[in-house]
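**Q** Let me give you the structure first, and then I'll get to my questions.
The values are calculated or read from the model by the stated rules, or taken from the named source; none is laboratory data. Fair warning: this is a prediction, and the values are worked out from it, not measured in the lab. Positions of Cβ are backbone-derived with ideal geometry, glycine not excepted, and every protein chain shown enters the neighbour counts. Surface accessibility is based on the protein's heavy atoms, side chains included, excluding ligands, DNA and RNA. Shrake-Rupley method; radii C 1.70, N 1.55, O 1.52, S 1.80 Å.
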Amino acid sequence: MSTHHPIAVVGAGLGGLTLARVLHLNGIESAVFDLDASPTVRTQGGMLDIHEDSGQAALRAAGLHDEFRAVIHRGGEAMRILDREATVRMAEDGEGGTRPEVDRGVLRDLLLGSLPDGTVRWGAKVTGVRTLEDGRHEATFADGRTITADLLIGADGAWSKVRPLVSDATPAYLGLSFVEAHLLDAGTRHPESAAVVGNGMMFALAEGHGFLAHRTPDGSLHVYAALRTPADWATSGPIDFTDVAAAKASLLEHFDGWDERLRALIADSDGALVARPVHALPVGHRWDRVLGVTLLGDAAHLMSPFAGEGANLAMLDGAELATAVAAHPDDIEKALTMYEQALFPRSEAAAAASAENLDLCFAPHAPQPLVDRMAFYRAAAETAMANATD
């Protein structure tokens, strides 16, 4: 059985949901398809810092900025940069910042709750897409169902099934792998770890490896051990991640000589360790205009997390695409052209910054390059503020 939808969105992440919400506010309905069986089938990741000119702009377009401010993590903008001896090389308390932190799952729930019932179709795993002779696009699902759409939007992440309609680009491994870990109720059960991380985000860096961690609103610590590794390290390397105790011991060999409070972020972690290799699309990824189809978020511009832009740009993409469609409902190609003309240079700049920041975080003499970069950003912000008040 096949059904037709004027606008079909593949992927109910932050970008796809923002798109659907802004379309809905403009009286345009869409159908969103997601492979998850339900909105609660898996956790949605850790904390996000939502930027004023991108993620927050999108939330304003979605009419949800006040609701967002009500669920932010107060104090979560604090940041610390440490070396391998756990010496604090830079610290900011986050007061007066413009990038409030929010739990990704909470933000997703906020967007989901703003949509009409039935907008998101759960348990809809796309296995293939194709363009039909009449110019419409067809998506096939794992259960055999198909849909057709006048406008098909790929909001389906790094390994997008929609992307091949417009581009033959695929994500490449960046030579860095994360190992994700959690310390639950850290203030009570792991007070030294909680103290070394602080109230917000922490970077502890050396050449080729380090720790990235943040405190969540419930007092837990969300930790990533980062390592420069070969491409197959996370999937078929020397560490058996199914044996948690052995995996911890093997991973900690990479952090010999590090302060024990930092090593404890792995040694004392709760639950499984999850290896996550880091991939990105080419910086400057773009495509020629293809009738009736486009991409947003990671499907369009997957990058490493070292610019903090992934979720923010996905939401801005969704808001701007919806706004363009609402402005030109009778000329979708004009709307898509306008959207992509803004998308390409914006995402290229962010992807270039992300690639540069990844390199400096794990460069020789780390963490000093990151300390210097943050000092530069702080001085530039202070100069801009002073000029604005003159």
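**Q** Is it the case that region 304-317 has a residue that's among the polar types (S, T, N, Q), over 22 Å from the mean Cα position of the chain (by Cα) and either open to solvent by 50 Å² or more (accessible area, probe 1.4 Å) or closer than 29 Å to Ile50 by Cβ (or both)? Spell out how you get there, then give the answer.
**A** Step one: of region 304-317, the residues among the polar types (S, T, N, Q) are 304, 312.
Remaining after also requiring over 22 Å from the mean Cα position of the chain (by Cα): none.
No, every residue in region 304-317 fails to be among the polar types (S, T, N, Q), over 22 Å from the mean Cα position of the chain (by Cα) and either open to solvent by 50 Å² or more (accessible area, probe 1.4 Å) or closer than 29 Å to Ile50 by Cβ (or both).
**Q** How about region 38-68: which of its residues are open to solvent by 40 Å² or more (accessible area, probe 1.4 Å), of a type outside the set (Gly, Ala, Ser) and farther than 24 Å from Glu180 by Cα?
**A** Within region 38-68, Glu52, Asp53, Arg60, Asp66, Glu67 meet the criteria.
**Q** For region 103-139, which residues satisfy the criterion of being in a loop (DSSP other than H, G, I, E, B), more than 23 Å from Lys161 (Cα to Cα) and open to solvent by less than 40 Å² (accessible area, probe 1.4 Å)? Full working, then the answer.
**A** Of the residues in region 103-139, the ones in a loop (DSSP other than H, G, I, E, B) are 114-119, 122-125, 132-136.
From the residues that got through so far, the ones that are more than 23 Å from Lys161 (Cα to Cα) too are 114-117.
If the condition is that a residue be in a loop (DSSP other than H, G, I, E, B), more than 23 Å from Lys161 (Cα to Cα) and open to solvent by less than 40 Å² (accessible area, probe 1.4 Å), then Ser114, Leu115 are the ones that fit.
**Q** If I filter region 230-250 down to residues being in contact with a Leu (Cβ under 7 Å, 6 or more places away or on another chain) and in a loop (DSSP other than H, G, I, E, B), which single residue comes out as surrounded by the most Cβ atoms within 10 Å (Cβ to Cβ)?
**A** The selected residue is Ile239.
**Q** Filtering region 76-93 down to residues that are part of a loop (DSSP other than H, G, I, E, B) and either of a type in the set (Ser, Thr, Tyr) or under 21 Å from the mean Cα position of the chain (by Cα) (or both), which residue is farthest from Ala381 (Cα to Cα)?
**A** From region 76-93, those part of a loop (DSSP other than H, G, I, E, B) are 76-78, 83-87, 93; that's our starting set.
Next, from what is left, pick out any that are either of a type in the set (Ser, Thr, Tyr) or under 21 Å from the mean Cα position of the chain (by Cα) (or both): 76-78, 87.
Numbers: Gly76: 19, Glu77: 16, Ala78: 16, Thr87: 26 Å.
Ranking the qualifying residues of region 76-93, first place goes to Thr87.
**Q** Still on this model: Just to be sure I understand, how many residues within region 204-227 are open to solvent by less than 30 Å² (accessible area, probe 1.4 Å) and either aromatic (Phe, Trp, Tyr) or in a loop (DSSP other than H, G, I, E, B) (or both)?
**A** Result for region 204-227: 5.
**Q** Looking at region 272-301, which of its residues are assigned to a strand (DSSP E or B) and charged (D, E, K, R)?
**A** Answer for region 272-301, where residues must be assigned to a strand (DSSP E or B) and charged (D, E, K, R): just Arg276.
**Q** Considering only residues that are open to solvent by 80 Å² or more (accessible area, probe 1.4 Å) and assigned to a loop (DSSP other than H, G, I, E, B), look in region 23-37 and name the one that is farthest from Leu151 (Cα to Cα).
**A** Filtering region 23-37 for residues open to solvent by 80 Å² or more (accessible area, probe 1.4 Å) gives 25-26, 29, 35.
Restricting the remaining residues to those that are assigned to a loop (DSSP other than H, G, I, E, B) gives 26, 29, 35.
Numbers: Asn26: 17, Glu29: 12, Leu35: 19 Å.
This residue is Leu35.
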